[in-house]
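The values are calculated or read from the model by the stated rules, or taken from the named source; none is laboratory data. All figures in this text were calculated on a predicted structure; none of them were measured in a lab. Here the Cβ positions follow ideal geometry from the backbone for every residue, glycine too, while neighbour counts run over all protein chains shown. To get the accessible areas, we keep the full protein, side chains included, count just its heavy atoms, and leave off ligands, DNA and RNA. Shrake-Rupley method; radii C 1.70, N 1.55, O 1.52, S 1.80 Å.
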2 protein chains.
Amino acid sequence: MSNFIEQLNDEQVKEVKRQMAIYSQGVQEIIPFEDLENKVAKSILTNTPLKIKLGLDPSAPDVHLGHTVVLNKMRQFQENGHVIQLIIGDFTGKIGDPTGKSVARQQLTDEEVKHNAKTYFEQFAKVIDMDQVELHYNSQWLSKLNFEDVIQLAGKITVARLLERDDFEERIVMGKPISLHEFFYPLMQGFDSVMLECDLELGGTDQHFNILMGRHYQEKFGKEKQVALLMPLLEGLDGVEKMSKSKKNYIGIDESPQEMYGKSMSIPDQLMSKYFELITDFTPEQIQDIKARLTSGDLHPRDAKMLLGKTIVRMYHGEVEAEKAEQNFIAVFQQGSMPDEIPVVEWKGEADISIVDLIVQLKLLSSKSEVRRMIDNRGVQLNGVKVEDTQLQVTITDNLIVQVGKRKFVQLKF
Amino acid sequence: MSNFIEQLNDEQVKEVKRQMAIYSQGVQEIIPFEDLENKVAKSILTNTPLKIKLGLDPSAPDVHLGHTVVLNKMRQFQENGHVIQLIIGDFTGKIGDPTGKSVARQQLTDEEVKHNAKTYFEQFAKVIDMDQVELHYNSQWLSKLNFEDVIQLAGKITVARLLERDDFEERIVMGKPISLHEFFYPLMQGFDSVMLECDLELGGTDQHFNILMGRHYQEKFGKEKQVALLMPLLEGLDGVEKMSKSKKNYIGIDESPQEMYGKSMSIPDQLMSKYFELITDFTPEQIQDIKARLTSGDLHPRDAKMLLGKTIVRMYHGEVEAEKAEQNFIAVFQQGSMPDEIPVVEWKGEADISIVDLIVQLKLLSSKSEVRRMIDNRGVQLNGVKVEDTQLQVTITDNLIVQVGKRKFVQLKF
């Protein structure tokens, strides 16, 4: 690729810098940075949008804020006129795991793939403009490959290169088996980029290896190489593990305004800046401002968290609901018991516990039957959300606020 | 597989033992021996021939005695009523090497594959009864596999298992690249055995890994597992390297009786028993007898070698030509200069040398022009074969007999 930046006028160079500042916001790595800059320059010069790829595994369609880290980045590209290519990995999903060992890779039917894709789209529509998205199913080209094609594909990569992938390397070292078919998942992902001539592929840092496969294969097939844009992984509400459904430390983007706002209140203080950076629609300047004010003490962490919670609700439910959620939260503490004045209790019990046992162990009420009655009377709240199920199983998170009746509050340290 | 030997009567057990003695003759390894014994028993009990597989690479159709090591073993199975399955690896041949690196794996056209296969068959017909052979081209089934089938196939083997193959392991250790498609050659070979339900696959010891792939895949596909029968590699006329065309240390089965006989005379003494065992049609008893007589001194090595030469010529050109070749050899030395009385010269010159330089350096003639004249007058012989080309490039082998005119002989030690 020739150097397009050199061919730009000052105004255009400024536009490249402006876009790059947005795209760089919060990213872990852009590989290579210069290539993206040059591609943006080319796009301006030729008035052609860049093709921004995101591959989706159709097996897990529940979208939470962890996923929106890349979705927000996609939105930024979309807002600047570039084209999003969503690729549903239906071919992979339909194959399943030939060894039959992996629970994660169950074979999906056509129906399931279609259903899951639809669920994705509905949720994605809350972040990106789905009408402007190019949609692809990779079975379109992968299912047409025959053995000879596969051999040709395999001939363009070495075993040593594949073994460099962290998890493969680790399993070799640990003596854990790698089934040969697993080598094909990165190959397929790379070949998808060849077929769609992607300019950039987005993913979490755990996609580092797979996304670079795209560059590798595009080069082998004589195409312009894509840029890898890697976003950091977002820790969940526990502040430690990657946000995921199985860890129960997530905020789903389909959750109610109350739940969203309430859960937001339990985001650990030290992660607040990261959340602002990765999952809100704030500009680089706004985020810089919040960070600076948090550091200087101008902005109280509680107020920042309320702003974050309100922002999250606004993004997925609109202004009105956001306002309501905030008012509701304030109302809960209107008796003067604002969050920062709530007694804090270090939780040393189990991480998973029934709501009844939790309240009894916290000595907020003295018997299980009392708790059940209180729940039936809608007098128990977690992070400001009313508990309606006496059987509820609670996953303890740091900063969880348990409220019983109008006046009993406890905030858990965990 | 149940135990069929237990179900045999004494006569049948004797027959199993008889066949096993023949099949075991000269082999390097039978994996596992018991399985072959049991398969032979089953074959006798059910009156069903065993299916004996030999895979052929269609890229190198020149057959020499090195190849006949397995062909002779096939013949023994055929003579006992079993069926030979010849598989032309045309699918592999047509793919070539996608990396474009290997000179050996040029992509072959359909025409070339067909032509090469025909050349094989004409030559094989000298050892086995081609009318009784089952013929297969593996493109018949391999070309029909799609990506999904390939993934399923790959899902049934681990990377660690493939890396156990000696040459792969060595390359990993040496940091030499292994292209991923190379992993598929053993897989294809294994899948061929699944498709043809082979009972036994024959090959040289260098096929150890690939042939065991057949067992692996047959088991994965719920088939009865084949036996691996591995033959030793035959050293060529230099006594060191595996016989091969590129090393010029071979006797081709299409060569003239004179050439065959002459080259046989330069087989190193210490390899004679091995040649009798691996490339003649002698019975185990006959070979045992020759070995014993060579050890006791009853049989002179020269006479054994003449018997070997005559046998080889008989196998590929018939009795009459064998007799003629022997008589011709004796005639060359009829002036009383029998081989064992020829002066022996230690050759310290180059291994590849022109015939003219060779004779001058041996001081059999004093000038290059004299040598050329002598060749034109058909007065120069190598191992009893007249040299007709003054440009001939000679590859020195141990025991090579150079004759100039009627009386000048020299035997080289190399």
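A few comments on the model shown:
- Taking the label point 7 Å along Cα→Cβ, A:GLY222 and its counterparts in the other copies are spaced 4.6 nm apart, in ascending order.
- Look at where the Cα atoms of the stretch B:7-30 and of the stretch B:276-300 average out, and the two centres are 21 Å apart.
- In this calculation the C-beta distance from A:THR205 to B:GLN28 is compared with R0 = 30 Å, giving a FRET efficiency of 0.05.
- 19 Å Cα-Cα reach of B:LYS176 towards lysines, excluding residues that sit fewer than 8 places from it in its own chain: A:LYS156, B:LYS101
- Gap separating the Cα centres of the stretch B:63-95 and the stretch B:112-157, nearest whole Å: 11 Å
- Distances in nm from B:LEU135 to the matching label points in the other copies, shortest first (labels 7 Å along Cα to Cβ): 5.4
- Rounded to the nearest 10 Å², the accessible area of A:ASP303 at probe 1.4 Å: 60 Å²
- Computed from the Cα positions only, the extents of chain B along the three principal axes stand at 71, 57, 39 Å, in decreasing order.
- In units of the compact-protein estimate 2.2 N^0.38 Å, the stretch A:178-261 shows a Cα radius of gyration of 1.42.
- 5 angstrom amide H check on A:ASN146, placed H, neighbours 5+ away: none
- Mean residue ellipticity (222 nm) of chain B, computed from DSSP H runs ≥ 4 via -39,500 (n - 2.57), nearest 500: -14000 deg cm²/dmol
- For the stretch B:200-332, the C-alpha radius of gyration sits at 1.28 times the compact-globule guess of 2.2 N^0.38 Å, with N the residue count.
- Degrees separating the helix A:10-24 axis from the principal Cα axis of chain A, which is the longest one: 50 degrees
- The protein assembly as shown - Rg over Rh from alpha carbon coordinates, Kirkwood radius: 1.17
- Residue-averaged beta-carbon neighbours from other chains (10 angstrom radius) around A:178-188: 5
- Solvent-accessible area buried by pairing A with B, both sides, nearest 100 square angstrom, 1.4 angstrom probe: 2800 Å²
- Placing a label point 7 Å from Cα along the Cα-to-Cβ axis, B:VAL360 is separated from the same position in the other copies by 11.0 nm, shortest listed first.
- Mean partner shielding of peptide B:141-147, defined as the number of other chain Cβ atoms within 10 Å of each residue Cβ, is 5.
- For the stretch B:160-258, the solvent-accessible area works out to 41 Å² per residue, with a probe of 1.4 Å and every protein chain left in place.
- Computed over the stretch A:336-414, the ratio Rg/Rh where both radii use C-alpha atoms and Rh is Kirkwood: 0.92
- Considering only the protein assembly as shown, percent of DSSP beta bridges that pair antiparallel, nearest 5: 45 percent
- Shape summary: the stretch A:30-173 maps onto an equivalent ellipsoid whose semi-axes, from the alpha-carbon gyration tensor, are 28, 23, 17 Å in decreasing order.
- Share, in percent, of DSSP beta bridges within chain B that are antiparallel, nearest 5: 45 percent
- Within the same chain, aspartates and glutamates fewer than 8 places from B:LYS144 are excluded, and of the rest, those with a Cα less than 19 Å from its Cα are A:GLU148, A:ASP149, B:ASP90, B:ASP110, B:ASP192, B:GLU197.
- Relative contact order for chain B, counting Cα pairs under 8 Å that sit 6 or more residues apart, in percent: 15 percent
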